[in-house]
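As structure tokens, the structure follows; a few thoughts come after it.
The values are calculated or read from the model by the stated rules, or taken from the named source; none is laboratory data. Small disclaimer: the values here were computed from a predicted structure and weren't measured. Neighbour counts run over all protein chains shown; Cβ positions are idealised from the backbone, glycine included.
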Amino acid sequence: MPFLKIATLGEPVLRERSREVTAEELVSPDVQTFIDDLIATMRDADGAGLAAPQVFNPIRVCAIEVRGNNPRYPYKPAIPLTVLVNPVLTPLSDEQFENEEGCLSVNDLRGAVQRFAHIRVQGLDRHGVAVDFEARGLTAGTYQHEVDHLDGKVFVDRVTDPATLSTWKNWERHRKATFVERATAIVARFGQ
Ligand code: NI
């Protein structure tokens, strides 16, 4: 299974609004093979998610998965493999929390962004079956990060205080302990 090349910041494909996938396209061998490759690429890169435009395919498809002890995000609760097609997110309350995010398309940078704490996720799974569920806390943040990619947005656009931007090494040194404490409280509260 080939790994796909990941687009990094500055690639125009990361700034487009990706297009919806039709039902006919979704069941085609091309798109099904692409989804397999997207998942393999996400796993190989230790991502918590990967959106199709991040691998130069501007269609509204993303994969999300957090397995135990992800080396990039060890504090994230597990999320079973989820492929979303044409997703729509709706906040279910005004409450937001501060997340500290990184991205496979943004080399060696993390920063603090506000994310909705409780959202509704609607769309299709990879087989075209409608999905409709709720997500909370850090898991809700992961969905918002991936769906942003489908709208041409990258987490750095949402960083309100540039002083929170940090290389991964410096994040480990100076911000990790405080953030993990906050993240643990969020996980305790939302259970995900
Ligand atoms: Ni990303």
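Observations
- Taken over the range 76-103, the criterion of being within 16 Å of the ligand (Cβ to nearest atom), surrounded by fewer than 21 Cβ atoms within 10 Å (Cβ to Cβ) and assigned to a loop (DSSP other than H, G, I, E, B) is satisfied by no residue.
- Pairing residues of the range 109-122 that are closer than 18 Å to Val187 by Cβ with residues that are among the β-branched types (Val, Ile, Thr) and modelled with pLDDT of 95 or more, at Cβ distances under 8 Å and at least 6 apart in sequence or on separate chains, gives Ala112/Val159; Ala112/Thr164; Val113/Val159; Ile119/Thr90.
- Test for Glu65: is it more than 16 Å from Thr142 (Cα to Cα), among the acidic types (Asp, Glu) and surrounded by 13 or more Cβ atoms within 10 Å (Cβ to Cβ): no
- For the range 104-122, a residue qualifies if it is buried (at least 20 other Cβ atoms within 10 Å of the Cβ) and out of contact with any helix residue (DSSP H, G or I) (no Cβ under 9 Å at 6 or more places or on another chain), but none of them does.
- Scanning the range 164-187 for residues that are over 13 Å from Pro74 (Cα atoms), without any contact (Cβ under 8 Å) to a residue 40 or more places away in the chain and surrounded by 13 or more Cβ atoms within 10 Å (Cβ to Cβ) turns up just one, Asn170.
- In this structure, Ala135 does satisfy being under 23 Å from Asp46 (Cβ atoms) and either within 14 Å of the chain's Cα centre (by Cα) or surrounded by 15 or more Cβ atoms within 10 Å (Cβ to Cβ) (or both).
- Flag if Gln114 is more than 17 Å from Ser18 (Cβ to Cβ) and either within 15 Å of the ligand (Cβ to nearest atom) or part of a strand (DSSP E or B) (or both): yes
- For the range 43-69, filtering for residues that are free of Cβ contacts under 8 Å to residues at least 40 places away in the same chain, closer than 19 Å to Asp108 by Cα and within 14 Å of the ligand (Cβ to nearest atom) leaves 1.
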